[in-house]
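Below: the structure, in structure tokens.
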Amino acid sequence: MRGENIITHNEVVRILDAQLLPLISELFDSKGYEIQLIPAHDRGRNVVYTCESEDAEEKILRIAFLNDRSREDYLGEIEFVRYLFEHGASISDVISSRNGNLLEELTFNNWTYFITLFKKAKGKMLVENHYQYREGVPINEYYYNCGKVLGKLHQLSKGYTAVHHRYSFIEKYNSEYIDKLIPNSLPQLKDKLLEILKTLEGLDRNLETFGMVHFDYNDGNYLIDFDTGQITVFDFDNSCYCWYLFDLAGLWIQGVGWIQFEPDAGKRRKFMDDYFETILAGYRSETRIDDFMLDKLPLFIQVTLLENVVDTFEVLRNKGNKPECDEELSYLIKCLEDDIPFKGFFHKIYSCEAPF
């Protein structure tokens, strides 16, 4: 931790524009590039720019400014990214600075910024293609590739030895942290989150089940080459040591978007079974996962909800806002408090007219 002070995204952008971007451009040999700010999303924890040039490949510049991670945390992430790239994973590589560093650190007005430069992945997001896959190609290819690329990441992770420590799920998500973060006005939610953490404590954490994971593997964090179908993953900002099944649970949840407006719960379930079977076929083409872990998929879908709820309260805290439960957050809390499985997707709580 670097203190309890808060600085906003807009404040950081003003400081960068007025003072730091020229220095950062020099550090990373980006002079002559057109540097454009990428609009931040609600849960964003970084300031991110595209760096474009007619004579060179596009780059992505990331400036981390929140005070809840250390230099070692960032090095743990970036070294994992470099390891994955060097061992054949389909990810965006990190680019060294002029000083030969994967991470640069700048301090201005007693506030520290961690800066990293990445190669931009080839392709575009699915949403940019209006959620249309490759013309004339079955959508199952996409599902299979999602699983295959993730399986490759996990297989490589099973052989990874870290130089710099990266935090683990069980270090961050502990009873003390939950008790401090979640308001006392939500005692049942606190109890359910602690119950989930207690269950996780009893799970195996061996090389085949637990290691460095992406922790945010979804179609907002990879690009697709629509000529070939190749998926290139980026944004390992939340990567940590966790059970591999967490990333698969995230893929399961991603799949509901394809069938979310179907009114028949039986048809939704049939689609999700087929979708996830294809995901697993791709995944198992690269790495192993035992059936006894897959039986815990409902638990890990609940764990993704836990992470989502915690992240929401962290964002509110970092913005200095008083915690309030909007409709989306209230839905997640209801699923947790009432032990409703599969994010309520097959339950009467779910509305196909107003999903989640």
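The numbers here are math on the coordinates, done by the rules we state, and not lab data. As the structure is a prediction and not an experimental result, all values here were calculated from the model. In this analysis, Cβ positions are derived from the backbone assuming ideal geometry, glycine residues included, and neighbour counts consider all displayed protein chains.
Inter-label distance, ASP274 to ALA162: 4.1 nm, where each label sits 7 Å from its Cα along the C-beta direction. Counting only Cβ charges, +1 for Lys and Arg and -1 for Asp and Glu, the dipole size of the range 9-119 around its Cα centre is about 260 debye. In this simple spin-label approximation, ASP290 and HIS130 carry label points 7 Å from Cα along the Cα→Cβ vector, and these lie 4.8 nm apart. Dipole of the chain computed with +1 at Lys/Arg Cβ and -1 at Asp/Glu Cβ about the Cα centre; of CYS325, ALA265, THR209, farthest Cα towards the positive end is THR209. Sorted on the mean count of surrounding Cβ atoms within 10 Å across their residues, most packed first, peptides 25-37, 331-343, 299-311 read 299-311, 331-343, 25-37.
Dividing the summed helix terms, -39500 (n - 2.57) for each DSSP H run of n ≥ 4, by the number of residues in the chain produces a 222 nm estimate of -12500 deg cm²/dmol to the nearest 500. Two numbers describe the Cα atoms of the range 114-225: Rg and Dmax, which are 18.9, 54 Å. Fewest neighbouring Cβ atoms within 10 Å first, the residues CYS325, CYS51 line up as CYS325, CYS51. Just checking the listed ones, ASN145, ASN174, ASN99: in the Gaussian network model of the chain with Cα springs under 10 Å, the one fluctuating most is ASN99. Would you please state the base-10 log of I(q)/I(0) at q = 0.14 1/Å for the range 258-356, with intensities from the Debye formula using one equal scatterer on every alpha carbon? These q points yield log10 I(q)/I(0) values of -0.68. Computing Rg and the Kirkwood Rh from the Cα coordinates of the range 1-83 gives a ratio, Rg/Rh, of 0.98. Between LEU207 and ILE38, residue separation times 0.36 nm minus the direct Cα-Cα distance comes to 57.1 nm. Computed 3J(HN,Hα) for the range 265-276, one whole-Hz value per residue from the Karplus formula 6.51 cos²θ - 1.76 cosθ + 1.60 where θ = phi - 60°, is 4, x, 5, 4, 5, 4, 4, 5, 4, 5, 4, 6, glycine and proline marked x. In this rough spin-label picture, where each label sits 7 Å from Cα along the Cβ direction, the GLU337-LEU106 distance is 4.6 nm.
Computed over the Cα atoms of the range 127-344, pair by distinct pair, the Kirkwood hydrodynamic radius stands at 18.5 angstrom.
Considering only TYR167, ASN238, GLN132, the residue lying farthest towards the positive end of the dipole of the range 127-344 is TYR167, judged by Cα position with unit charges set on Cβ. Magnitude of the charge dipole for the chain, about its Cα centre and with charges confined to Cβ atoms of Lys, Arg (+1) and Asp, Glu (-1), is about 320 debye. Rounded to the nearest Hz, the phi-derived 3J(HN,Hα) couplings of the range 8-13 under the Karplus curve 6.51 cos²θ - 1.76 cosθ + 1.60 (θ = phi - 60°) are 8, 4, 5, 5, 5, 4, where x marks glycine and proline.
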